[in-house]
Ligand code: GDP
Ligand code: MG
């Protein structure tokens with residue numbers, strides 16, 4: 001089953017949005033396969049955001065993502081990469097539809113509450129940066145019978 005990395009960024013944790021965001025993920029029918037609260041190190045942040053190195057906002061982005069604990073979670077489900085990205089909304093919260101996490105809870109691109117992987121390669125690389133295989137559960141939820149095709 002497809003997996004994606006969800007990060008509830010420091011602003012989401014500080015603002016008490018963890019339960020709301022995870023509630024939306026669970027209610028959609030996606031499964032939390034791993035989860036932890038962690039103050040992301042500069043080293044891991046650099047690996048995670050390597051594609052943005054050299055851009056104008058890069059140092060501000062690293063400063064922010066390492067400033068306070070984040071919730072890191074591996075989310076699993078059918079088409080979960082696109083699904084969770086749709087739930088997150090556009091990078092700029094002011095362009096995000098209401099009903100999305102960023103559209104409902106954010107106004108600034110620098111403080112847009114969540115990160116979600118943008119494709120299968122980045123999902124694999126991002127999950128490996130933050131989780132060992134042993135940390136990722138393989139349980140089946142009793143609700144899967146009612147949310148997934150046979
Ligand atoms: P995402 O995949 O939707 O998170 O967006 P990107 O991969 O393009 O950018 C990574 C993160 O960098 C975004 O979630 C924003 O928090 C931040 N970011 C992107 N563009 C800008 C910008 O122009 N200014 C600032 N301050 N932050 C930005
Ligand atoms: Mg991105």
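Derivation of every value follows stated rules applied to the coordinates shown; laboratory data play no part. Everything quoted here is computed from the prediction, not taken from an experiment. A quick note on method: Cβ atoms are made from the backbone with ideal geometry, for glycine too, and the neighbour counts reach across all protein chains shown.
Observations on the structure shown:
- Share, in percent, of DSSP beta bridges within the chain that are antiparallel, nearest 5: 95
- Hull-based mean projected area of the chain, where the convex hull spans the alpha carbons, in square nanometres: 8.8
- Highest-fluctuation residue, 76, 60, 20 considered, GNM on the chain with Cα pairs under 10 Å: 60
- Residues 139, 111 arranged by fewest to most Cβ contacts within 10 Å: 139, 111
- Structural descriptor for the chain: relative contact order 34 percent, calculated from alpha carbon pairs under 8 angstrom and at least 6 residues apart.
- Rounded Å value of the spacing that divides the Cα centres of region 134-150 and region 5-84: 22
- For the chain, the longest principal axis of the C-alpha atoms and the axis of helix 18-28 are separated by about 40°.
- Most mobile listed residue (86, 31, 55) in the chain, GNM with C-alpha springs under 10 Å: 55
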